[in-house]
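For reference, the structure discussed in these notes is given below.
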Amino acid sequence: MTLGDVLGLSDAQERAITRALQLVLLVLVGYGLVTGEFTVATTAALALAVTLLPALLRREYGYSMDPGLVCWIAVAVVLHTAGSLWLYVEFQWYDEITHAVSATIVAGVGYAAFRALELHSDEIDVPPAFRSVFIVVFVLAAGVVWEVLEFAFGGLVTVYGIDDIVTDFVFNAVGAVLVAIWGTGYVSGLVGFFRRRLPSDGR
C-alpha cells in the first residue's frame with residue numbers, strides 16, 4: 001500500500017500537488033530576494049533543493065521514489081518554509097505540526113537505512129520491537145543535532161528558548177511513533193534502494 005492509496009490520490013494527482021508546492025517555494029525564493037528577506041529566500045531555496053532530490057535519485061541511480069512519498073516530503077518542507085515567515089511566531093501549534101510532519105520524514109529515512117543494513121547482512125537480526133525503538137531514538141538524536149545547529153546559526157535561525165526545545169522533542173517523538181506503528185510499509189521502496197547501494201561482500 002502507498003501513501004496515495006491511503007489519501008485516495010492517483011500518482012498524477014500527487015505529482016501535480018508536488019509541482020504546485022515547488023512553485024510555492026520558487027515564489028518564496030523570489031519574494032525573499034525582491035524584499036531583501038534573504039533568510040526566507042535561503043530557506044525556500046534549500047527546501048526547493050530537497051524536493052528535487054527524488055528527481056536526482058531517478059536520474060543518477062534509476063530509482064523512482066513513490067510519488068506519494070515525494071509529495072509528503074514537499075509538504076514537510078513547505079510547512080517549514082512557510083513557518084519561517086511569521087507562522088512560527090504567531091501560532092505555537094504550527095511549530096508543533098511542522099516538527100511532527102518533519103519527524104515522519106526523518107523517521108522513514110532512518111528506518112529505511114537501518115532495515116536495508118539488516119537485510120543486507122546475515123549477522124544482523126533485529127526483533128521488530130527494537131526496530132520501533134530505533135526509529136524513535138534515531139529521530140530524537142536527529143532532533144538534538146538540529147537544535148545544536150539552530151544555536152550555532154543563531155543569527156540566521158530564530159531560537160525560542162528551552163520550553164520550545166522541549167515541545168519540539170515531544171512532537172518529534174510523536175512523528176517517530178506514528179511511523180514506527182503505521183508508516184514503515186510506505187518506505188519499502190526506499191529500503192530496497194538503500195540495500196542495492198550497499199557494497200557487495202562477494203556472495
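The values are calculated or read from the model by the stated rules, or taken from the named source; none is laboratory data. Bear in mind that the values here come from a model prediction, so they are computed numbers and not experimental data. Heads up, the Cβs are rebuilt from the backbone with ideal geometry, glycines too, and the neighbour counts pull from every protein chain shown.
May I ask you to say which residue of VAL159, VAL179, VAL170 is surrounded by 15 or more Cβ atoms within 10 Å (Cβ to Cβ) and either modelled with pLDDT of 90 or more or not in a helix (DSSP H, G or I) (or both)?
VAL179
Modelled with pLDDT of 95 or more and basic (Lys, Arg): which single residue out of ARG19, ARG59 fits that description?
After ruling out the rest, the residue left standing is ARG19.
Filter the stretch 39-59 down to the residues that are out of contact with any helix residue (DSSP H, G or I) (no Cβ under 6 Å at 6 or more places or on another chain) and either of a type in the set (A, V, I, L, M) or more than 21 Å from LEU190 (Cβ to Cβ) (or both) and list them by number.
Once the filter is applied, which keeps residues that are out of contact with any helix residue (DSSP H, G or I) (no Cβ under 6 Å at 6 or more places or on another chain) and either of a type in the set (A, V, I, L, M) or more than 21 Å from LEU190 (Cβ to Cβ) (or both), the stretch 39-59 yields THR39, THR42, LEU46, ALA49, LEU52, LEU53, ALA55, LEU56, LEU57.
For the stretch 11-61, give me the residue count where each residue is under 13 Å from ALA74 (Cα atoms) and among the small types (Gly, Ala, Ser).
Of the residues in the stretch 11-61, 7 are under 13 Å from ALA74 (Cα atoms) and among the small types (Gly, Ala, Ser).
Being in contact with a His (Cβ under 7 Å, 6 or more places away or on another chain) and surrounded by 18 or more Cβ atoms within 10 Å (Cβ to Cβ) narrows it down to one residue among THR81, THR98, THR104; which is it?
Matching residue, one of THR81, THR98, THR104: THR98.
With at pLDDT below 90, more than 29 Å from SER64 (Cβ to Cβ) and either assigned by TED's automatic domain parsing to the domain that holds GLU60 or among the acidic types (Asp, Glu) (or both) as the only criterion, which of ASP201, ASP95 stands out?
ASP95
Here is a list of conditions, (1) touching a Phe, Trp or Tyr at 6+ places or on another chain (Cβ under 7 Å); (2) at pLDDT 80 or above, and VAL137 meets all of them except one; can you say which number that is?
Exception for VAL137: condition (1).
Does GLU118 fit the bill of being among the charged types (D, E, K, R), surrounded by fewer than 19 Cβ atoms within 10 Å (Cβ to Cβ) and closer than 19 Å to PHE193 by Cβ?
Yes.
Cβ-Cβ under 6 Å, sequence separation 6+ or interchain: first residue in the stretch 114-133 and outside the structural domain of GLY189 (by TED's automatic domain parsing) and in a helix (DSSP H, G or I), partner surrounded by fewer than 15 Cβ atoms within 10 Å (Cβ to Cβ) and not aromatic (Phe, Trp, Tyr). Which pairs?
none
Here's a check for you: in the stretch 38-73, which residue that is part of a helix (DSSP H, G or I) and of a type in the set (Ser, Thr, Tyr) is nearest to the chain's Cα centre (by Cα)?
Checked the stretch 38-73; the qualifying residue nearest to the chain's Cα centre (by Cα) is THR51.
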